[in-house]
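The structure appears below as structure tokens.
The values are calculated or read from the model by the stated rules, or taken from the named source; none is laboratory data. Not measured: the values here are computed from a predicted model. So basically every Cβ, Gly included, is an ideal-geometry build from the backbone, and we count neighbours across all protein chains shown.
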Amino acid sequence: MANDIVKSASLINLDATPILVSNAGQGAPTVTGSVDDYCAATAAGLQSAASYYKLVRVPTYALIKSVSIFTDAGPNLAGALALDLSWVFSDSTDDGTPQWLQGLIPTSANTGGTTTIASYSSPNKMYGTVKPSASAAAFGPTDEVFNGLGANYSFTGGIANLPLYQIFGFTDGRGYPADPGGMFDLLAYVATGATTGGACNIYARVSYAVA
């Protein structure tokens, strides 16, 4: 059998001649920020597909390092509940989000396209789908940042080491990555309603860096 002897890209760069120093938050140390808040969810709302909860807000250039979700009571008393976790553009008219993007969800194609919450066609679901077990007990805390890894998102290219706008494929007229500006909200969307929902507070804590 052959042993693996592997270095990460940032270590290879540091051992190179001349030394190549990675950007802060992209293989080099950085200071992270944290934002957290919660939404009150009703039992009826959690039983209803297409209910949604906007939890926290981050800049479009944030490099997301962790996404923790938890509740203070059981949201899913008898099974079935599924919550998609996506980023959606802020619908604020005061935070720099372009008017033509306000309230839209970047799609999983990652080509700069968007969908609406109403049509919900190929939303990014960057952190997959949370399926709390059928229980009266509180859910989490669970870090979901790598929960959506698959065909659309992967370690390759660094899901935690790229700004959100770049992951979603926003570019300028020459095809280079370009920040559209503004803010993203973390969206928890009821993809499948609970058979019996349980009223609770859905809490999110997101840590992020900026390159």
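Given the conditions (1) closer than 25 Å to Ala211 by Cα; (2) assigned by TED's automatic domain parsing to the domain that holds Gly112; (3) hydrophobic (A, V, I, L, M, F, W, C), report the number of the one that Trp100 does not fulfil.
Looking at each condition in turn, Trp100 falls short on (1).
Yes/no matrix, rows are residues, columns are (1) surrounded by 15 or more Cβ atoms within 10 Å (Cβ to Cβ); (2) at pLDDT 85 or above:
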position: Met1; (1), (2): no, no
position: Lys7; (1), (2): no, yes
position: Ser22; (1), (2): yes, no
position: Asp36; (1), (2): no, yes
position: Cys39; (1), (2): yes, yes
position: Thr42; (1), (2): no, yes
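Taking segment 169-207 as the search range and keeping residues that are of a type in the set (Ser, Thr, Tyr) and not in a strand (DSSP E or B), which one is farthest from Asp143 (Cα to Cα)? Quick ask: steps written out before the conclusion?
Going residue by residue through segment 169-207, those that are of a type in the set (Ser, Thr, Tyr) are 171, 176, 189, 192, 195-196, 203, 207.
Adding the requirement that they be not in a strand (DSSP E or B) leaves 176, 195-196.
Details: Tyr176: 31, Thr195: 25, Thr196: 25 Å.
That would be Tyr176.
Hey, can you tell me all the residues within segment 165-201 that are among the hydrophobic types (A, V, I, L, M, F, W, C) and out of contact with any Asp or Glu (no Cβ under 9 Å at 6 or more places or on another chain)?
Scanning segment 165-201 gives Ile167, Phe168, Phe184, Leu186, Ala194, Ala199.
Would you be able to say whether some residue in segment 137-144 is touching a Ser or Thr at 6+ places or on another chain (Cβ under 8 Å), of a type outside the set (Val, Ile, Thr), surrounded by 19 or more Cβ atoms within 10 Å (Cβ to Cβ) and modelled with pLDDT of 95 or more?
yes
Give the residue, chosen from Ala78, Ala73, Ala49, that is of a type in the set (Gly, Ala, Ser), part of a loop (DSSP other than H, G, I, E, B) and under 20 Å from Pro123 (Cα atoms).
Ala49
Going residue by residue through segment 92-105, is there one that turns out to be within 17 Å of the chain's Cα centre (by Cα), charged (D, E, K, R) and closer than 30 Å to Asn161 by Cβ?
no
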